[in-house]
Each structure stands twice: as C-alpha cells, then as structure tokens.
Amino acid sequence: MTARKYWLGFNAISGIGPARLRALLQHFGDLADAWKAGEAELRAAGLDRLTVENIITTRPRLDLDRMLADVDRLGASVLTLEDPDYPALLAELPEAPPVLYVKGTLLDQDRWAVAFVGTRRASVYGRDVTYALVTPLVNAGITIVSGLALGIDAVAHRAALEAGGRTIAVLGSGIDVIYPPEHRQLAAEIARHGAVVSIFPPGTRPEGHNFPLRNRVISGLSLGVVVVEAPASSGALLTADAAAEQGRDVFAVPGNINARTSAGTNALIQAGAKLVACAEDIFDELNLTRDAIATRAQIVEIVPDNPTEAALLEALSDAPLHIDELCQRSGLAITEVSSALSLMELKGMVRRLEGMHYTLARSGREPYRLD
C-alpha cells in the first residue's frame, strides 16, 4: 500500500484530482514513484504541461512527514482509495475523492445512509419535518449525512444524535476549520457518534468554490438525498443535482407555494423527485427496513462483473490467501490477478491484508490479522 504521505502530497497540489491521480497510479504503479518522477516521466503519464509545472514547483515546498504529523496532532485520520475502510458507496463513483480526512469513525454500516440538506434559514415547519423524518430512519439503523451548515443541516445532525444514531458531517473546509464556527461543539459531538469528514487539507478556509465539491461527497456517501426546504437558488439543489448525476435517489418535502424556501423543493417534485410526506416514503423507495439493513450488514452479496472476478471469488475464502496461491487456484497470470484484486478491493469485494494476502470482504466483522 502506498504510504499515505504521498496521497496527501498529491492531494495538496492544484490540478490533481481523481482522474489525474488514477493516471499516475496506472502509469507508475505507486504514488511514491510518481512523487519522485521528473518532468518527462510525468508528461509520459498523460499529464498536461500546467499540471506538471504545478507538481514540479509545489513538490519541494511540501513536507509530507509534517503533513502526516499535523493530521495526527489534530486527532484525525486519513483514508485513501487504497484503504479497505474507504466508504463503499463513495468508492463506486468515478470522481471519488482520493483522500478523506476523518475525525471520528466511518463504519461499514454507514453504507446505509441518507442525506438531509436544505436552507440555512429553516422555518419551524422545516425543523419539525426534519425531526419527523430523521428519527424513524435512525431508529431503523440509517446513518444521517449532512453538511454541518446552519438550518436544516444542523437540525438533521442534532435529530440523529438525539435519537441515539450515527451521523456524518461533510465540511467545505479543512478538518480543523469548523464552519460555521458556532457549530464547533456540534462537530465534536458528531465525531463521537459518527464522523466529521473533509476532502480538503487541514487549514483550508471555507471558500465558496469548495462547497460544490463538498456537496458531491454528501450525496456520494448516501443512498439518497432528502431536500427539506430550499429556495429556487440553493446549494441544497446543487446537492440534489449531484445525487441525480451519481445515480442516487432524490427526495423533496413539499411546502407552502407562497413560501420562498419551498420554491426549490416544489420545483424538484415537478421535475420528478420523490415527494416525501413521511419516513415510509423514503423506506419504500430505497427498500429499507430494519430487518433488511440488519441482514445486509451481516452478508454483503458479491456479484462478479467479469470471468476474472468470478474465478478469483471462487478461489477466495474467509481465510487469508497469498496472491501466489490465488494465481495457482485460479490459473490466472500474476499481472491479471493483481490488477483484478485492486479493482475488487475498491469495489468492497475483497480485503487486502499484510504481506499480499487477501480475503473475501467481511462486512460488519473485524478483518483477520496476520500475527
């Protein structure tokens, strides 16, 4: 597994997003080698001139070991796309962020999550509806995702916490820059009962261009997005758009046609969003029940996408197997097995352990340790 510091380094360089990072991994096989590469090698990996210049000029100014130490000092952790604990729903997306900074803990059960977003100027109606929808979802084991903003976001987080459930807050700033600042205590409580997550390096200020990216993470972590209240021009509607692009379900709560904060939600319903009048509407659309969630948390169905994956799934078991043994069992070449296992790991189908050992994904249980 590539050292985390190289992921942090590339994540801090302007112009390096998921697509270019995949190109580097594909060309070099390891980000450590990519970090040390010269201009010609970087161009050979398919990077454009401006991106290569950004790497060459920024790289000497970054102290990667100090960046790792800073994350640790903040009481946070780093998840990369190589990590088996990287959120499965988010990993499915082509634009999955390469690095997540996390305070708290992301669990496998968080794959059953629903996002709530809405106006910062929530009405009494909006607050009441949010509580009425979030509470039964939490009671059924659903994790609530939102953006820690004023209004509907904060209400959704608090409703989840008060119901004794899990909630995830996604920031549009660094993990150490809580915005708005009056939600510092709320963020600390969320970290104790879920996770506070950011895709931005520590110290990043909450600038406007960060929030569309943050909104895509909110929807990417969720099975569906519920818009409670939103005016006609709203960040909540951008989250709904992102959800639709990502293949997630979009829900909207109807509101008073004379209320400014209902214009966006009513328009979403006209455009085809699922009208939500009660929590059962969400359960029904997503086919979620407490029993179904409990069953899926114990057994995650693994369906191969091609013959290579099918052969490896047949060879794998709950017991750790070395990659050489998998080659022998499957009759496949080492290069084909290595490439397929990397993709299967990203899909949550297998887990990679120490010493190039692999096992089937063990949802809801501790991974094997090789002592």
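Just so you know, all these numbers are worked out from the coordinates, no wet-lab data involved. Quick caveat: nothing in here was measured; it's all calculated off a predicted structure. All Cβ positions, glycine included, derive from the backbone under ideal geometry; neighbour counts span all protein chains shown.
Where a Cα-Cα gap under 17 Å defines reach, which aspartates and glutamates qualify for Lys274, not counting those fewer than 8 residues away within the same chain? Those aspartates and glutamates meeting the cut-off are Glu229, Asp241, Glu245, Asp249, Asp284, Glu285. Name the shape class, rounded, prolate or oblate, that the alpha-carbon gyration tensor gives for the stretch 307-360, where a ≥ b ≥ c are the square roots of its eigenvalues, rounded holds for a/c under 1.5, and otherwise prolate holds if a/b is larger than b/c and oblate otherwise. Cα axes put the stretch 307-360 in the rounded bin.
Under the simplified labelling scheme, the Glu92-Ile323 pair shows an inter-label distance of 2.7 nm, with each label point 7 Å from Cα along Cα→Cβ.
What fraction of the DSSP beta bridges in the chain is antiparallel, stated in percent and rounded to the nearest 5? Could the numbers behind the result be given before it?
Numbers: 13 of 33 bridges.
Here the share of antiparallel DSSP bridges comes out near 40 percent.
A Förster distance of 22 Å, applied to the separation of the beta-carbon atoms of Leu107 and Asn139, puts the FRET efficiency at 0.80. Cα convex hull, the stretch 104-295: 104 Å³ per residue, rounded to a whole number.
Rank these for me by crowding, Asp65, Asp176, Asp85, going from fewest to most other beta carbons within 10 Å.
Final ranking by Cβ density, sparse to dense: Asp65, Asp85, Asp176.
Taking every DSSP helix (H) stretch of at least 4 residues in the chain, weighting each as -39,500 (n - 2.57) and dividing the sum by the residue count yields a mean residue ellipticity at 222 nm of -13000 deg cm²/dmol.
Here r is the Cβ-Cβ distance between Leu74 and Glu336 and R0 is 35 Å; the resulting FRET efficiency, rounded to 0.05, is 0.30.
Extending 7 Å from Cα along the Cβ direction at Glu182 and again at Asp281 yields two label points whose distance is 3.0 nm.
List the DSSP H helices in the chain whose Cα atoms stretch 20 Å or more along the helix axis and whose mean Kyte-Doolittle hydropathy is at least -0.5.
Result, helices passing both filters: 124-139.
For His209, His322, His157, His357, the sequence from fewest to most other C-beta atoms within 10 Å is His209, His322, His357, His157. The lysines whose alpha-carbon is closer than 29 Å to the alpha-carbon of Lys5, local same-chain residues fewer than 8 away aside, are Lys36, Lys103, Lys347. A P(r) calculated from all alpha carbon pairs of the chain, with 10 Å bins opening at zero, reads 5, 23, 30, 25, 14, 3, 0 percent.
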